[in-house]
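We did not get these values from a lab; they are worked out from the coordinates using the rules stated. These figures come from a predicted structure and were not determined experimentally. Because the Cβ atoms are built from the backbone with ideal geometry, glycine has one as well, and the counts that use them run over all protein chains shown.
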Amino acid sequence: MASHDTSQQPVTFRRATAADAVEVATVYIASRRGAAAYLLTVGTDAEIRSFVIDRMVPEHETWVAEVGGRIVAVLVLDGDEVNQFYVAPADQRRGVGGAMLAHARQLRPAGLRLWAFQRNTPARHFYEARGFIAKKFTDGATNMEREADVLYEWTP
Ligand SMILES: CC(C)(COP(=O)(O)OP(=O)(O)OC[C@H]1O[C@@H](n2cnc3c(N)ncnc32)[C@H](O)[C@@H]1OP(=O)(O)O)[C@@H](O)C(=O)NCCC(=O)NCCS
């Protein structure tokens, strides 16, 4: 195995610290921009970076997934809701997201909910294949992006 090939290394999870915030912001922005066909993003990269560093990491329950000491994904829990979930583009479709969602279920064994944009078909397939059920569809009138979305719920 080449030394730079991290695909066979285990994925580990831990709470993000202030020292991680810049790397978390980089993963968050790259993942959002990489999924631009499915995720409308309000704000510039600099504004998003400030939000992640100044608000999200310090004030919210932010978890990171690491492979070989590198942050490859970020997930934020707010009560029983997953309200941010991003895998770095180069690390997608290798099982990182599934492992991180399994970690979130261990943290919230009574159940989880989350909102996805209706147009985010890759994410919707991902959630539906992992037992999440669409409970409510909206036209997006009340979300920041004004984009039709869907509420998913998982219960054990
Ligand atoms: C959705 C996401 C979190 C899944 O994480 P992941 O590490 O890629 O997921 P896994 O490797 O565990 O599972 C892959 C499955 O997800 C779905 N999927 C993920 N990316 C996909 C893509 N580009 N096209 C089609 N299906 C995709 C498929 O069901 C896939 O299964 P398959 O590879 O057997 O076809 C990740 O793709 C991501 O960060 N997307 C961009 C940001 C986003 O949409 N976040 C969710 C907001 S609600």
Of all DSSP beta bridges with both partners in region 26-156, the antiparallel percent, nearest 5, is 95
Potential extension, ARG33-LEU107 segment - 0.36 nm per residue separation minus Cα distance:
23.8 nm
Starting from the alpha-carbon convex hull of region 11-154, give the projected area averaged over all orientations, in nm².
8.0
Cα centroid of region 129-152 to Cα centroid of region 37-57, whole Å:
20
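Hey, with R₀ at 30 Å, roughly what FRET efficiency would ALA19 and ALA148 work out to, going by the Cβ-Cβ distance, to 0.05? Please report the intermediate quantities before stating the final value.
On the way: r = 38 Å, r/R0 = 1.26.
It comes to 0.20.
What does the highest-first list of 114-126, 37-49 look like by mean Cβ count within 10 Å? Intermediate values should be presented prior to the final figure.
Working: 114-126: 17.0, 37-49: 13.8.
Packing order, densest peptide first, comes out as 114-126, 37-49.
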Plugging the Cβ-Cβ distance of GLU81 and GLN8 into 1/(1 + (r/R0)^6) at R0 = 25 Å yields, to the nearest 0.05, a FRET efficiency of 0.15
Ellipticity estimate at 222 nm from DSSP helix runs (n ≥ 4, -39,500 (n - 2.57)) divided over the chain, nearest 500:
-8000 deg cm²/dmol
Surrounding net charge for ARG146, when Lys and Arg each add one and Asp and Glu each subtract one, Cβ distance under 14 Å:
-3
